[in-house]
Amino acid sequence: MKYLTLRIKQIFSLIFILYSLLHIFNIPVSAQEKIKPLLRISPILLNIALSPGKTYAYKVTVENLTDISLPLHAELDRLDSSDEENVLQFSSQESPFLSWISIDKKELIIEPQSTQSTVVTITIPKTVPIGGYYAIIFFQPLFPNIKNAPTEIQAKIGLPILANIGVGPSKEKKGEITTFSFGKFLYEKPDLTLHLRVKNTSLYHFSAKPFIQFHPIIGEVKTQPIEEKIILPGKSRSWNNSLEINHRSYGLYKVVAAVSTGEGQQINRSTYLLFFPLKKTILILFFVFLGVFIFKKRKRFKKALQSLVKNV
């Protein structure tokens, strides 16, 4: 018994020493999995409205986050997005938009922990089809044979250009809500799973900002904002979020998805939810019926006992 107790103390002492060493030397378990960014750009996105026959200039600043000088090469490429998650991808279709864009400095050398700027100029022809035009500028580090060059890096960084060319604000609906549900009608707790899908039916990209509104039969309307996402023409974006209502009032609710698409426009879709403590209610009813049953049985048993006593 004494030997077993000693061994347990030794094991706990070893664990304590190892834990202390990890904290003293600050050794992270997943240190090798971290990706170190080399560059930072500003702005991170050019979301612009352009007009035919005009020229636009935008200043782009690139910051070197490393401790060595970085030579950079800037390159234009086509841009598209996939459905649902809008993952950026290269388009296989030729786009005239690339020929309208010029970069002032395609070759840069940025000193350690410093910045440099270049100017992106977009010249729109006088006659162009209206709609959305998209491109991306990649800033690619060109590493020479330097001993101190970082090995765990984020190789390049991109600046998406999302441009709308055409008429001004339109009263036509830009998109539609194709899916709006919570998976089920009855909820016992205010922990919801939202399924929302919005499709862009216009010629232009727009930023979709959803708001979920909970309308009780009696009481105050609660509104919960959801993250904003950009939707390119003909594409769809999905939101699959966990929501929690801040109040615990049971009853029937009309739930409205109001999605702002910019320029004062909004698209809506509604559904209904019932918050009701079904399991608790069933349990309470069970005990109520059990109590009534016992009470009636007890009453009958008492009558039978009294009748038996009289007969005796």
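Each reported figure results from applying straightforward, stated rules to the coordinates on display, with no laboratory input. Since we're looking at a predicted model, the values are computed, not measured. Note that we place each Cβ from the backbone using ideal geometry, even for glycine, and neighbour counts take in every protein chain shown.
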Worksheet entry | Neighbour-count ranking [beta-carbon atoms within 10 angstrom, fewest first] of Tyr133, Tyr253 | Tyr253, Tyr133
Worksheet item: So who's got an amide H within less than 5 Å of the one on Gln266, skipping anything under 5 residues away but keeping other chains? H placed 1.01 Å off N, in plane.
Response: Thr261
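Would you mind ranking Ile231, Ile109 by Cβ crowding within 10 Å, fewest neighbours first? Working shown, then result.
On the way: Ile231 25, Ile109 11.
With the sparsest Cβ surroundings first, the list reads Ile109, Ile231.
Nearest 5 percent is fine: what portion of the DSSP beta bridges confined to segment 175-275 is antiparallel? Mind dumping the intermediate values first?
Values: 41 of 43 bridges.
Restricted to segment 175-275, the bridges split so that about 95 percent are antiparallel.
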Practice prompt. Could you check the simple spin-label distance between Gln266 and Gln224, using points 7 Å along Cα→Cβ, in nm with one decimal?
Written response: 1.9 nm
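List, in the order given, every pair from Lys189/Lys235; Lys105/Lys156; Lys174/Lys209; Lys59/Lys173 whose Cα-Cα distance in the structure shown is over 24 Å. Working shown, then result.
Working: Lys189/Lys235 34 Å; Lys105/Lys156 17 Å; Lys174/Lys209 13 Å; Lys59/Lys173 33 Å.
Beyond 24 Å: Lys189/Lys235; Lys59/Lys173.
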Worksheet item: How do Arg237, Arg197, Arg40 line up, fewest other C-beta atoms within 10 Å first?
Response: Arg40, Arg197, Arg237
Worksheet, complete the sentence: Residue by residue through segment 268-274, the couplings from Karplus 6.51 cos²θ - 1.76 cosθ + 1.60 with θ = phi - 60°, in Hz, x for Gly and Pro, are 9, 7, 10, 8, 10, 9, 10
